[in-house]
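*Asks:* Got a structure for you, questions after.
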Amino acid sequence: MPGENLARSRQEEEDEDDSTTDLSPSRASTHPSASLTVPFSVIAQGAEAVLYRTTMFDGQAVVIKERFRKQYRLPELDEQLTRTRMTAEARATAKAWRLSGVHVPALYLVDWQRRWLVFEYIEGPTLRTWLEGEGSERRARIPEAAAPVLRQVGEAVSTLHAADWIHGDLTSSNVLIRRSGSNDGWGEDAHELQAVLIDLGLAFCSSSCNEHHVEDKAVDLYVLERAFRSAHATHADAYTAIVWQAYAQHSRPQDARAVQKRLELVRQRGRKRTMVG
Amino acid sequence: MPLFLGVEGSANKVGVGIVSDAGAVLCNERETYVPATGTGFQPRETARHHQRQVVQLLQRALRAAGVTPRELAGVAYTGGPGMGAPLQSCAVAARTFAQLFRLPLVPVNHCVAHIEMGRLVTGAVDPAVLYVSGGNTQVIAYSEQRYRVFGETIDIAVGNCLDRLARLLGLSNAPSPGYNIEQAAKRGKRYVPLPYCVKGMDVSFSGLLSYAGELVRRVSVEDLCYSVQETVFAMLVEVTERAMAHCGYRDVLVVGGVGCNARLQEMLRVMCEGRGGRLWGMDERYCVDNGCMVAWAGWLGRGEGDGWAGVRQRWRTDEVVVGWRE
Ligand SMILES: Nc1ncnc2c1ncn2[C@@H]1O[C@H](COP(=O)(O)OP(=O)(O)OP(=O)(O)O)[C@@H](O)[C@H]1O
Ligand SMILES: Nc1ncnc2c1ncn2[C@@H]1O[C@H](COP(=O)(O)OP(=O)(O)OP(=O)(O)O)[C@@H](O)[C@H]1O
Ligand SMILES: [Mg+2]
Ligand SMILES: [Mg+2]
């Protein structure tokens, strides 16, 4: 089994290198997944999955996204949701991978038994932490400095939408930033940075013959807008405007107009919803 | 020891509570308007109920706390959001009371009051908040002087969904439809799959409700209640967890009437423990609308007002400047 081979090779590496202590078996024994028996390092625990970092047989860094069983919900519901989400994420990632101008991690493997999707590892921060800024004072990144990356997000979403795909969970935690050029550090020269979309488990296809497709696209953008407002309050409006502008410029004018009109309605709905029914 | 009195009446409950500046609850009196089985509460009837009850509730509250109006430092009332006529009735009562005894009057946002009472009762310091009631379904976290809404329902509130299901099933509205669904669900055995609708951090219940409506005579009441609870609560836990992962919270505080449901609390507890955190929950006295929460939020927000003392049917949680928190 590849998993065991991987475990062994990690183990050997570890013996030589103390800096990889987070890969130690003792750490693995406390991790929340009972089905995983090999020592990998946990990099994140999202709402749906635990993510581990490891390497493939050829040394390529990968992440394993394991949708472990959620003890809080009924097993039959858990089973059904996990299947749906894994299928959606695998399909949408594969689809997006082929679209030029959209960056997603390469999908390497689907393991239904273990509930794993294995992706290319993306080196770099999430858009969320990147926007929050670095250093001890942690000042939010000013919109001008963030613009090149935010524009890429707008364009990527526009391309995805033009292909009738809806991301479904566009937040700043679901965009990774990697270096594509030669500059060092994650500093001000944001032109060298590349926005990578991840977490397509809630993605779905909404074709233009479907009456909801404009609504679906508007809601996709609205989710991002709200994620900015709730997590990056200071510059939320400016961030949103940059994403929108890039989205609109990159879309067909009539599509952009339709989505914009709908987006206005979706926002109104949020504000005007009656509180008692 | 300054004391604050609060009057709540945004929906079908009318309540009066008195709290001290230190957060001690001196009394918590409440009356509920219970419409006939199979019907919901209408604004006019509900307002009439509150008008009839509010004076004797005020008297009862003062008696229970053993204080006179002159010992109070101020009066708070729910300014919104909620149903216009019931809100108005209680605002009039609070205004009259304040003028009679020359007390300062503070309008309070109902959602913020739910959250602040939850923090007071449980001692949770900075949790992610799940606010689930008949009129609201929101995932909230505090940052920079506001309670920010991360996720919410895109159509009806979860309590509203349960209340309407209870009506379809002919369950009683006393003490509350949600309570009766909870009891029936305990006897449910078979899980019937229902539409599960999560969009990022948002949820939607209207599709599930109409689907459940079609199953009414084909599935037993117990199994349907059980299946609906399992499905809608799983949706709520998922969006709560997503907001937590997004902003790095470990603890959850659940407030609002649906928040006293034991199964929902259990599911949230399991989820929190899986993230190394904990759940802060309360029982029906403070989860369901009450006067104390309004009194306490009024005390906290006493310095914030601009003299406005009206009612607003729509008043979003994130519009309130939370000047009393770090
Ligand atoms: N390919 C990757 N390379 C590097 N890090 C990744 C990769 N995929 C995910 N991550 C990290 O793991 C985190 C969670 O991943 P992901 O969003 O896929 O999980 P999730 O459980 O679906 O999250 P959510 O709570 O949004 O549903 C990301 O925010 C990111 O920090
Ligand atoms: N044990 C329970 N399980 C599930 N739902 C319950 C339970 N007890 C009460 N509820 C539901 O809680 C709701 C009432 O909650 P609450 O009093 O907080 O809010 P409300 O009157 O709807 O006002 P608002 O939305 O403004 O807070 C009703 O929908 C009721 O059915
Ligand atoms: Mg994610
Ligand atoms: Mg996800």
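The values are calculated or read from the model by the stated rules, or taken from the named source; none is laboratory data. Just so it is clear, the model here is predicted, and its values are computed rather than measured. Every residue, glycine as well, gets a Cβ built from its backbone with ideal geometry; the counts of neighbours run over all protein chains shown.
*Asks:* Among the residues of the range A:69-79, what is the count of those that are farther than 25 Å from B:Arg278 by Cα and facing another protein chain (nearest Cβ under 7 Å)?
*Replies:* From the range A:69-79, those farther than 25 Å from B:Arg278 by Cα are A:76, A:79; that's our starting set.
Pick out the ones that are also facing another protein chain (nearest Cβ under 7 Å) and you get A:76.
Of the residues in the range A:69-79, 1 are farther than 25 Å from B:Arg278 by Cα and facing another protein chain (nearest Cβ under 7 Å).
*Asks:* From the list B:Gly307, B:Gly276, exactly one residue is at pLDDT below 95, more than 21 Å from the chain's Cα centre (by Cα) and away from ligand 3 (no atom under 16 Å from the Cβ). Which is it? Walk me through how you get there before you give the answer.
*Replies:* On the way: B:Gly276 fails: at pLDDT below 95.
Sole residue among the options that is at pLDDT below 95, more than 21 Å from the chain's Cα centre (by Cα) and away from ligand 3 (no atom under 16 Å from the Cβ): B:Gly307.
*Asks:* Same structure again: Has the range A:204-220 got any residue that is modelled with pLDDT of 95 or more, surrounded by 14 or more Cβ atoms within 10 Å (Cβ to Cβ) and of a type in the set (Gly, Ala, Ser)?
*Replies:* For the range A:204-220, residues modelled with pLDDT of 95 or more, surrounded by 14 or more Cβ atoms within 10 Å (Cβ to Cβ) and of a type in the set (Gly, Ala, Ser): present.
*Asks:* Same structure again: I'd like to verify a number: residues in the range B:133-148 that are within 16 Å of ligand 1 (Cβ to nearest atom) and out of contact with any strand residue (DSSP E or B) (no Cβ under 7 Å at 6 or more places or on another chain), how many?
*Replies:* From the range B:133-148, those within 16 Å of ligand 1 (Cβ to nearest atom) are B:139, B:141; that's our starting set.
Still in the list and also out of contact with any strand residue (DSSP E or B) (no Cβ under 7 Å at 6 or more places or on another chain): none.
The number of residues fulfilling the criteria is 0.
*Asks:* Here is a further query. Quick test for you: out of B:Val192, B:Val149, B:Val139, pick the one residue that is among the hydrophobic types (A, V, I, L, M, F, W, C) and assigned to a loop (DSSP other than H, G, I, E, B). Talk me through it step by step, then tell me what you get.
*Replies:* Details: B:Val149 fails: assigned to a loop (DSSP other than H, G, I, E, B); B:Val139 fails: assigned to a loop (DSSP other than H, G, I, E, B).
Every option except B:Val192 fails the conditions.
*Asks:* Ok, one more. So B:Gly291 clears everything in (1) surrounded by 24 or more Cβ atoms within 10 Å (Cβ to Cβ); (2) within 8 Å of chain A (Cβ to nearest Cβ); (3) not polar (S, T, N, Q) except one condition, right? Which one?
*Replies:* For B:Gly291, the failing item is (2).
*Asks:* Right, something else. Does the range B:238-249 include one or more residues that are surrounded by 24 or more Cβ atoms within 10 Å (Cβ to Cβ), under 22 Å from B:Cys161 (Cβ atoms) and away from ligand 3 (no atom under 16 Å from the Cβ)?
*Replies:* There is no residue in the range B:238-249 that is surrounded by 24 or more Cβ atoms within 10 Å (Cβ to Cβ), under 22 Å from B:Cys161 (Cβ atoms) and away from ligand 3 (no atom under 16 Å from the Cβ).
*Asks:* When you check B:Ala185 against the structure, is it more than 16 Å from ligand 1 (Cβ to nearest atom) and assigned to a helix (DSSP H, G or I), yes or no? Show your work before the answer.
*Replies:* Working: more than 16 Å from ligand 1 (Cβ to nearest atom): yes; assigned to a helix (DSSP H, G or I): yes.
For B:Ala185, the condition - more than 16 Å from ligand 1 (Cβ to nearest atom) and assigned to a helix (DSSP H, G or I) - is met.
*Asks:* For the range A:130-172: of the residues being of a type in the set (Ser, Thr, Tyr) and surrounded by fewer than 24 Cβ atoms within 10 Å (Cβ to Cβ), which is farthest from A:Arg226 (Cα to Cα)?
*Replies:* So in the range A:130-172, the residues of a type in the set (Ser, Thr, Tyr) come out as A:136, A:158-159, A:171-172.
Checking which are surrounded by fewer than 24 Cβ atoms within 10 Å (Cβ to Cβ) leaves us with A:136, A:159, A:172.
Values: A:Ser136: 26, A:Thr159: 21, A:Ser172: 10 Å.
Selected residue: A:Ser136.
*Asks:* Okay, next question. Out of everything in the range B:187-215 that is away from every other protein chain (no Cβ under 14 Å) and in contact with a helix residue (DSSP H, G or I) (Cβ under 8 Å, 6 or more places away or on another chain), what residue ends up being farthest from B:Gly281 (Cα to Cα)?
*Replies:* The qualifying residue farthest from B:Gly281 (Cα to Cα) is B:Leu215.
*Asks:* Test A:Val110 against the stated conditions and say whether it is at pLDDT 95 or above, out of contact with any Phe, Trp or Tyr (no Cβ under 6 Å at 6 or more places or on another chain) and outside any loop (DSSP other than H, G, I, E, B). Break it down into steps so the answer makes sense when it comes.
*Replies:* Details: at pLDDT 95 or above: yes; out of contact with any Phe, Trp or Tyr (no Cβ under 6 Å at 6 or more places or on another chain): yes; outside any loop (DSSP other than H, G, I, E, B): yes.
The answer is yes for A:Val110.
*Asks:* Kindly check whether there is at least one residue in the range B:148-161 that is touching a Gly at 6+ places or on another chain (Cβ under 7 Å) and more than 11 Å from chain A (Cβ to nearest Cβ).
*Replies:* So far as the range B:148-161 goes, no, none of its residues is touching a Gly at 6+ places or on another chain (Cβ under 7 Å) and more than 11 Å from chain A (Cβ to nearest Cβ).
*Asks:* Something else about it: Determine which single condition B:Ala124 fails, assuming it passes every other condition in (1) more than 30 Å from B:Leu268 (Cβ to Cβ); (2) in a loop (DSSP other than H, G, I, E, B).
*Replies:* Evaluating B:Ala124 over (1) more than 30 Å from B:Leu268 (Cβ to Cβ); (2) in a loop (DSSP other than H, G, I, E, B) leaves (1) as the failure.
*Asks:* Provide a single number: the residues in the range B:77-88 that are more than 9 Å from chain A (Cβ to nearest Cβ) and surrounded by fewer than 24 Cβ atoms within 10 Å (Cβ to Cβ).
*Replies:* Residues in the range B:77-88 being more than 9 Å from chain A (Cβ to nearest Cβ) and surrounded by fewer than 24 Cβ atoms within 10 Å (Cβ to Cβ): 3 in total.
*Asks:* Within the range A:199-235, can you find the residues that are closer than 21 Å to A:Pro105 by Cβ and either over 18 Å from the mean Cα position of the chain (by Cα) or away from chain B (no Cβ under 13 Å) (or both)?
*Replies:* A:Cys205
*Asks:* On the given criteria, is B:Glu222 away from ligand 4 (no atom under 16 Å from the Cβ) and in contact with a helix residue (DSSP H, G or I) (Cβ under 7 Å, 6 or more places away or on another chain)? Spell out how you get there, then give the answer.
*Replies:* Working: away from ligand 4 (no atom under 16 Å from the Cβ): yes; in contact with a helix residue (DSSP H, G or I) (Cβ under 7 Å, 6 or more places away or on another chain): yes.
Criteria met by B:Glu222.
*Asks:* Within the range B:216-231, track down each residue that is closer than 13 Å to B:Pro193 by Cβ, among the hydrophobic types (A, V, I, L, M, F, W, C) and either touching a residue at least 40 places away in the same chain (Cβ under 8 Å) or within 14 Å of another protein chain (Cβ to nearest Cβ) (or both).
*Replies:* Scanning the range B:216-231 gives B:Leu224, B:Val228.
*Asks:* Does B:Ala61 satisfy the criteria of being more than 14 Å from chain A (Cβ to nearest Cβ) and part of a helix (DSSP H, G or I)? Outline the logic, then answer.
*Replies:* Numbers: more than 14 Å from chain A (Cβ to nearest Cβ): yes; part of a helix (DSSP H, G or I): yes.
Here the answer is yes, as B:Ala61 does meet what is asked.
*Asks:* What is the residue count in the range B:300-326 for residues that are touching a helix residue (DSSP H, G or I) at 6+ places or on another chain (Cβ under 9 Å), of a type outside the set (S, T, N, Q) and either more than 14 Å from chain A (Cβ to nearest Cβ) or surrounded by fewer than 24 Cβ atoms within 10 Å (Cβ to Cβ) (or both)? Steps first, answer last, please.
*Replies:* The first filter runs over the range B:300-326 and keeps only residues touching a helix residue (DSSP H, G or I) at 6+ places or on another chain (Cβ under 9 Å), leaving B:300-301, B:309-318, B:320, B:322-325.
When the remaining residues are screened for being of a type outside the set (S, T, N, Q), the result is B:300-301, B:309-312, B:314-316, B:318, B:320, B:322-325.
When the remaining residues are screened for being either more than 14 Å from chain A (Cβ to nearest Cβ) or surrounded by fewer than 24 Cβ atoms within 10 Å (Cβ to Cβ) (or both), the result is B:300-301, B:309-310, B:312, B:314-316, B:318, B:320, B:322-325.
Count: 14.
*Asks:* Please list, ordered by first then second residue, the pairs with beta carbon atoms under 6 Å, 6 or more apart or interchain, first in the range B:305-318 and aromatic (Phe, Trp, Tyr), second part of a loop (DSSP other than H, G, I, E, B).
*Replies:* B:Trp315/B:Pro81
*Asks:* Okay, moving on. Give me the helices (runs of 4 or more DSSP H) completely within the range B:234-306, filtered to those with at least 1 residues that are within 16 Å of B:Val129 (Cβ to Cβ) and touching a Leu at 6+ places or on another chain (Cβ under 7 Å), ordered by residue number.
*Replies:* On the way: elements: B:262-274, B:284-287, B:291-300.
Here the list reads B:262-274, B:291-300.
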